[in-house]
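Chemist: My structure is below; once you've seen it, I'll send some questions.
The values are calculated or read from the model by the stated rules, or taken from the named source; none is laboratory data. No experiment lies behind these values; they were computed from the predicted model shown. Here Cβ is always computed from backbone atoms with ideal geometry, including for glycine, and neighbour counts include all displayed protein chains. Heavy atoms of the whole protein, side chains included, go into the accessibility calculation; ligands, DNA and RNA do not. Shrake-Rupley method; radii C 1.70, N 1.55, O 1.52, S 1.80 Å.
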Amino acid sequence: MMLKNYFLLAWRHLLKNRGYSAINIAGLSIGMAIALIIGLWITDEATFDHYAPRHSRLAVGMVNQHLHNAIKKEEFNTDNTMMTPLGKVLGTQYKDLFTGVAMTDYKSGSRLFNYGDKTVSGITLTAQADLPVMFGFRMLGGDARATKDPSTILIARSLATALFGNGDPVGKSVKVDNTLAYRIGGVYIDLPKNTTFNGLQAVLPWDNVANANHRDATDWQDHNGHLFVELAPGVSAEQATARIKDLPTPFFKDYHEEALLYPLYQSLKAAFTNPVKSLRSE
């Protein structure tokens, strides 16, 4: 009974002061909505790439460039577009620092997949075989490292369903852009939105002949790829950077360039995440 009286009293007060009540309720609602949005944003940032089982050990490659400009005299630039030879060096000569190294191509986008009378578009990325394992792709069938074979690809479940319905696509062949034929080596669950490679529907093999300009690149001054690494247990990004930072330096005479590794868990998504989406817009 007392609770009912309190409710009636409050209701009468609201009706008596309708203008102030409306302002207070509106202000409270807007404040709660803003707090909820901020909370969701913070949660999204704090858990970004946690889909990967060892997300705290993932880092992205970047370069610091100290340029000598005739007009500006000196100019500093930091970028995540890497020289391709660096990935090969890290993967072969610094195995004590990394449990995984993966170069990816610079531009990603929609490609056509042909199977029988079906043609479906899907977002692709050409990458070295460590990438799906490093980022924790959940496999429904096949092998996450199948792209070690230059004629084999991995596809997402959404693309598999569009091409094959409920059938098992592993081992079957598809054509990409109605030219090169690839064998499907595995199917993975579509990645959540809260990941670097959200929207990626197919991983193409790095060592395929179609990727020759990246695969065979030896020019350290040609920046045309992205680099992701998984640090070995007990190795920090700072420690690894101290070991590798001077690797590019001898190849640049007109300016100074250093390599560095930046932990993905510290990054803001707007800076250099989701290359699948951002590189398509370039």
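Chemist: In this structure, does L67 turn out to be at pLDDT 95 or above and either in contact with a helix residue (DSSP H, G or I) (Cβ under 7 Å, 6 or more places away or on another chain) or under 22 Å from F251 (Cβ atoms) (or both)? So that I can check it myself, show each step before the final result.
Modeler: On the way: at pLDDT 95 or above: no; either in contact with a helix residue (DSSP H, G or I) (Cβ under 7 Å, 6 or more places away or on another chain) or under 22 Å from F251 (Cβ atoms) (or both): yes.
No; evaluated as a whole, the condition is false for this residue.
Chemist: For the stretch 161-183, indicate whether the set of residues that are under 30 Å from H50 (Cβ atoms), open to solvent by 50 Å² or more (accessible area, probe 1.4 Å) and part of a helix (DSSP H, G or I) is non-empty.
Modeler: yes
Condition check ((1) under 15 Å from the mean Cα position of the chain (by Cα); (2) assigned to a helix (DSSP H, G or I)) across all residues:
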| residue | (1), (2) |
| --- | --- |
| D207 | no, no |
| N211 | no, yes |
| H226 | yes, no |
| A240 | no, yes |
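Chemist: Let me ask something else about it. Do we have R145 as within 25 Å of A59 (Cβ to Cβ) and open to solvent by 50 Å² or more (accessible area, probe 1.4 Å) here?
Modeler: In short, yes.
Chemist: Here's something else I'd like to know. Identify all residues within the stretch 246-260 that are touching a residue at least 40 places away in the same chain (Cβ under 8 Å) and assigned to a loop (DSSP other than H, G, I, E, B); write none if there are none.
Modeler: Answer for the stretch 246-260, where residues must be touching a residue at least 40 places away in the same chain (Cβ under 8 Å) and assigned to a loop (DSSP other than H, G, I, E, B): L247, P248, D254, Y255.
Chemist: List pairs: first residue in the stretch 112-131 and of a type in the set (D, E, K, R), second residue open to solvent by 40 Å² or more (accessible area, probe 1.4 Å) anywhere in the structure, Cβ distance under 8 angstrom, at least six positions apart or on different chains.
Modeler: Note: pairs meeting the criteria are K118/A162; D130/R145.
Chemist: Could you tell me which of the residues P132, P85 is farther than 20 Å from Y182 by Cα, out of contact with any His (no Cβ under 6 Å at 6 or more places or on another chain), assigned to a helix (DSSP H, G or I) and open to solvent by less than 50 Å² (accessible area, probe 1.4 Å)?
Modeler: None of the others qualify; the one that does is P85.
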